[in-house]
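Report on the following structure.
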Amino acid sequence: MLNKLKDISTFVFDVDGVLTNGNILVTETGEQLRQYSIKDGYAIQLALKKGYQVCIITGAKTDAVALRLKGLGIQYVYLGASYKLPLFEDFLSKTGLKRDEIVYVGDDLPDQEIMEQVAISVCPADAVDEIKAISTYISPKLGGAGVVRDIIEKVLKVQGKWFIDHPSADDGSLKK
């Protein structure tokens, strides 16, 4: 896998079970609350600053999810995906990217078709068995608890880009 990491230019992530732990807290008013890791968010922002592409393809469709992803600076966000492959193909056509330069991180059956087509498929330690069976790399991190940071850090370290000249704690949610 280390050799393939050298050619990665793009990260594609699911949300629930990858950027979050997959649990949704529903309030009495029907609002759906998710919890995200700041460390995952920081790694995404660093990857973007270093020139990597980041794409989200998720079945989630709430304004809160869109707000979080926009706050991280992610340009390609596909919400409400009941079938993910056509959206992935749309992303490829818009960017001109090739499958052999992409890491996809997923945790459940809707992710499988894309995971079988990319250079490196990654899943969190708590992914379903079918996804673990087809993954290039099973992270020791859980969904929502560092799996995104884990793979971004590995790619950037192999490519000599895991550094920042002036570190900042701003995760993009601060208003100027």
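Nothing in this text is a laboratory measurement; each read-out follows from the coordinates by a stated rule. Just so it is clear, the structure is predicted and the values come from calculations on it, not from any experiment. So basically every Cβ, Gly included, is an ideal-geometry build from the backbone, and we count neighbours across all protein chains shown.
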Using the reciprocal of the averaged 1/r over all distinct C-alpha pairs, how large is the Kirkwood radius of the range 2-158 in Å? 15.3 Å
Which residues' amide hydrogens lie under 5 Å from the amide hydrogen of Val18, considering only partners 5 or more residues apart or on another chain, with H built in the peptide plane? Gly144
Please give the FRET efficiency for Val26 paired with Asp63, using the beta carbon to beta carbon distance and R0 = 22 Å, rounded to the nearest 0.05. 0.90
Whole-Hz Karplus ³J(HN,Hα) for the range 21-33, in order, using 6.51 cos²θ - 1.76 cosθ + 1.60 and θ = phi - 60°, x for Gly and Pro? 7, x, 8, 10, 8, 9, 7, 4, 8, x, 5, 9, 10
Counting only DSSP beta bridges with both partners in the range 2-158, the antiparallel fraction in percent, to the nearest 5, comes to 10 percent
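How much net charge surrounds Leu46 when only other residues with a Cβ under 10 Å from its Cβ are counted (Lys, Arg +1; Asp, Glu -1)?
Net charge around Leu46: +3.
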Using θ = phi - 60° and the Karplus form 6.51 cos²θ - 1.76 cosθ + 1.60, what ³J(HN,Hα) does each residue of the range 110-120 get, whole Hz, x for Gly and Pro? x, 8, 4, 4, 6, 4, 7, 10, 10, 4, 9
Ranked on Cβ counts within 10 Å of their own Cβ, fewest leading, Tyr52, Tyr76, Tyr104 go Tyr76, Tyr52, Tyr104
Fewest to most neighbouring Cβ within 10 Å: what's the order for Val26, Val105, Val15? Val26, Val15, Val105
Normalising by the residue count of the range 10-159, find the relative contact order in percent from Cα pairs under 8 Å and 6+ residues apart. 29 percent
